[in-house]
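Visitor: Input: one structure, supplied below.
The values are calculated or read from the model by the stated rules, or taken from the named source; none is laboratory data. As the structure is a prediction and not an experimental result, all values here were calculated from the model. Note: ideal-geometry Cβ built from the backbone for every residue, glycine included; neighbour counts use all protein chains shown. Areas reflect the complete protein model, heavy atoms only, side chains present, ligands, DNA and RNA absent. Shrake-Rupley method; radii C 1.70, N 1.55, O 1.52, S 1.80 Å.
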Amino acid sequence: VVNVEQDDYPIYYHIRDANRKLNVITARGTGSASDALEDYQIWNEVAILQLVSVVAPLYTWWPSEIISDYVWWVSAIFLIDFGYVDSITNYARDIVVNNETETVILTGHSLGGGIAALVGS
């Protein structure tokens, strides 16, 4: 078991079964104010779009170009980097690149589940 920490706080764990060549990386959920900001950074476009859907439920009829432009602009405005996603992405990528016969499973809870979905895609 590898416990990868940031500021003396675990951000993810790596459990490896050598016999099965299986690696499970599990990311923790929101545990601090900086994690809440990371949540916001990752999901702000979706949250704002969902709020707009309450006021203007016909947004689903908007052309995809408008939605795409919206996501780009909101991402550019709220660009904050806390490194959590990049840290797990780089860690998982290193395992895959250096051990092509290994299987990697990403999982997590809350913030960690969202990050696992992003990193896995």
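Visitor: Take the conditions modelled with pLDDT of 75 or more, in contact with a strand residue (DSSP E or B) (Cβ under 6 Å, 6 or more places away or on another chain) and either under 23 Å from residue 121 (Cα atoms) or open to solvent by less than 60 Å² (accessible area, probe 1.4 Å) (or both) and apply them to residue 24. Does it pass?
Guide: yes
Visitor: Looking only at segment 82-117, filter to residues that are among the charged types (D, E, K, R) and under 17 Å from residue 24 (Cβ atoms); which one of those is least open to solvent (accessible area, probe 1.4 Å)?
Guide: Restricting to residues being among the charged types (D, E, K, R) and under 17 Å from residue 24 (Cβ atoms), the top hit is 102.
Visitor: Could you tell me which of the residues 48, 66, 77, 15 is within 18 Å of residue 120 (Cβ to Cβ) and either open to solvent by 90 Å² or more (accessible area, probe 1.4 Å) or modelled with pLDDT of 75 or more (or both)? Quick ask: steps written out before the conclusion?
Guide: Values: 48 fails: within 18 Å of residue 120 (Cβ to Cβ); 66 fails: within 18 Å of residue 120 (Cβ to Cβ); 77 fails: within 18 Å of residue 120 (Cβ to Cβ).
Exactly one of 48, 66, 77, 15 is within 18 Å of residue 120 (Cβ to Cβ) and either open to solvent by 90 Å² or more (accessible area, probe 1.4 Å) or modelled with pLDDT of 75 or more (or both), namely 15.
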